[in-house]
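Student: Quick one: structure below, then a few questions.
The values are calculated or read from the model by the stated rules, or taken from the named source; none is laboratory data. Computed from a prediction, not measured in an experiment: that's the story for all the values here. We place every Cβ from the backbone using ideal geometry, glycine too, and count neighbours over all the protein chains shown. The accessibility values were calculated without ligands, DNA or RNA, using every heavy atom of the protein model including side chains. Shrake-Rupley method; radii C 1.70, N 1.55, O 1.52, S 1.80 Å.
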Amino acid sequence: MRGSPYASTPKALSELNQSRIVQYLHQHGTSSRAQMARDINLTPAAVGKLVARLIDLGLISETGSMDSEGGRRSIGLALNADRYQVIGVKFARSLVSIGLFDISGRLLDSEELPPVNPDDIPGAVAEVRTRVEARLEAHPAIVAVGMAVPGPYLRDTGRIALVTSMPGWRGVDFIHEFGRAFRVPTFIEQDARAGALAQSLFDPGVSASSMAYFLVGEGVGLGVIDRGALVDGSQGAATEIGHVSIDLNGLPCECGNRGCLECYCSAVAIHRRMCQPDMRDHFPGIEAMTHAKACAVLFDQARSGQQAAQTLVDQIADYVGYGCVTVVNAYNPAQIVIGDMVAAAGTRLLERVRAIVSQRALPGLREHTQILLSNLPADATLTGAAAVAASQFLEHPASMGRPAVKSTSTRRTHRPSSGKEHHDQ
């Protein structure tokens, strides 16, 4: 987790230890007081006091008798995940999605806004505020809002440094627009790092200490968790793999470079390739489709055996594979999880990516890197936006787990990349 392991006051130490208990129950499920005391290295008396406070707050509940070591019976404890909810908002250039989740990552409902008009980005921002506010009014159990935005996101200024194919988003100050907009705190993170959080928090098959989430959607991004902490960089823009050049004489990119990975395997690039004269006859009506719909059509045709579609999917998989080679060599994660629109290509893409990595990545590293597709039941980036909020709740359960307050006087601006909050002066 991203909170500091140190606490300078008794109150801070108490909240830190409460957070450790909440996170433990989130990760392990039902447990006894004695088991938690052993595993998180606290005395049974200390755990007893902390658990009593968390029960009073409604954060955890006793679940009844359970077996323990030595044949004795203990009282089980579980996190009340369904009592606390978060909103996730995914910004993906032309698409914006909003979902309601409980803090265990279970999607309760979601909606997709109409495609964003590139000439009316302020209108899209206003629509997001309106829809989030409506959900907050309808669901008093919501404790936070998380937002996932395209990278590279500069956390200190609240702006996106570059958004290919939809430059209007660069003019949005996300902290200014959303930091004080709602009755609950708002946390903002780059989309691929949000996806990495979702995988580590909500997918039990993914390593929580060493993994990389490779987002291949309308853009291409990477989130890396090393030793349990997100790799951020000085401005929050680290691991920006989409603008790593794989061909110095390649296609020109809007970032000013040539041959950027994003130019070859993003959903935008795939759609553009499908619209070229030698390809569009295979995909009737392709020009009028959204990027997401175009990719879905391509992958469906590839699965049905259409040769042109299969050839294109293989080419895309090769580029995704070269991206994974870079991830293996540069970050040495235990796992790489591929997610978002292009991951829907499925097994054909995954097998080819694994073959590329086995041929190209550094020996001694590649053998110890597992590559898989995202297994989250909902969109990984939308779930990631919820994970940004849920992770803050798990780190600060006592302060964020209180009943909803309608007053706007307690609104705060939060910067999740550092795990700290900023108070306007």
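Student: Just to be sure, is ILE188 open to solvent by less than 20 Å² (accessible area, probe 1.4 Å), over 23 Å from ALA144 (Cβ atoms), touching a helix residue (DSSP H, G or I) at 6+ places or on another chain (Cβ under 9 Å) and in contact (Cβ under 8 Å) with a residue 24 or more places away in the chain?
Tutor: Numbers: open to solvent by less than 20 Å² (accessible area, probe 1.4 Å): yes; over 23 Å from ALA144 (Cβ atoms): no; touching a helix residue (DSSP H, G or I) at 6+ places or on another chain (Cβ under 9 Å): yes; in contact (Cβ under 8 Å) with a residue 24 or more places away in the chain: yes.
Criteria not met by ILE188.
Student: Need the failing condition index for CYS260 against (1) modelled with pLDDT of 95 or more; (2) touching a Cys at 6+ places or on another chain (Cβ under 6 Å); (3) within 24 Å of ASP379 (Cα to Cα), just the number.
Tutor: (3)
Student: What are the residues in segment 239-255 that are open to solvent by less than 70 Å² (accessible area, probe 1.4 Å) and assigned to a loop (DSSP other than H, G, I, E, B), if any? First the steps, then the outcome.
Tutor: Here is the first cut: in segment 239-255, the residues open to solvent by less than 70 Å² (accessible area, probe 1.4 Å) are 239-247, 250, 253, 255.
Once the filter is applied, which keeps residues that are open to solvent by less than 70 Å² (accessible area, probe 1.4 Å) and assigned to a loop (DSSP other than H, G, I, E, B), segment 239-255 yields THR239, GLU240, VAL244, ILE246, ASP247, GLY250, CYS253, CYS255.
Student: Report yes if some residue within segment 143-166 is surrounded by fewer than 21 Cβ atoms within 10 Å (Cβ to Cβ), in the same structural domain as GLY384 (by the TED database), part of a helix (DSSP H, G or I) and free of Cβ contacts under 8 Å to residues at least 40 places away in the same chain; otherwise report no.
Tutor: Scanning segment 143-166 turns up no residue that is surrounded by fewer than 21 Cβ atoms within 10 Å (Cβ to Cβ), in the same structural domain as GLY384 (by the TED database), part of a helix (DSSP H, G or I) and free of Cβ contacts under 8 Å to residues at least 40 places away in the same chain.
Student: Sort out which residues of segment 194-227 are open to solvent by 20 Å² or more (accessible area, probe 1.4 Å) and in contact (Cβ under 8 Å) with a residue 12 or more places away in the chain, and write them in order of number. Spell out how you get there, then give the answer.
Tutor: Applying the first criterion (open to solvent by 20 Å² or more (accessible area, probe 1.4 Å)) to segment 194-227 yields 200-202, 204-205, 207-210, 226-227.
SER200, LEU201, PHE202, GLY205, SER207, ALA208, SER209, SER210, ASP226, ARG227 - these are the residues of segment 194-227 that are open to solvent by 20 Å² or more (accessible area, probe 1.4 Å) and in contact (Cβ under 8 Å) with a residue 12 or more places away in the chain.
Student: Suppose we filter ARG273, ARG348, ARG352 for residues that are open to solvent by 10 Å² or more (accessible area, probe 1.4 Å), in contact with a Lys or Arg (Cβ under 9 Å, 6 or more places away or on another chain) and in a helix (DSSP H, G or I); which single one remains? Even if it seems obvious, please write down each step before you answer.
Tutor: Values: ARG273 fails: in contact with a Lys or Arg (Cβ under 9 Å, 6 or more places away or on another chain); ARG352 fails: in contact with a Lys or Arg (Cβ under 9 Å, 6 or more places away or on another chain).
Being open to solvent by 10 Å² or more (accessible area, probe 1.4 Å), in contact with a Lys or Arg (Cβ under 9 Å, 6 or more places away or on another chain) and in a helix (DSSP H, G or I) holds for just one of ARG273, ARG348, ARG352, which is ARG348.
Rundown of residues vs (1) closer than 21 Å to LEU201 by Cα; (2) open to solvent by 20 Å² or more (accessible area, probe 1.4 Å); (3) assigned to a strand (DSSP E or B); (4) at pLDDT 90 or above, yes/no style:
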site	(1), (2), (3), (4)
GLU62	no, yes, yes, yes
SER74	no, yes, yes, no
VAL96	no, no, yes, yes
GLY99	yes, no, yes, yes
LEU108	yes, yes, yes, yes
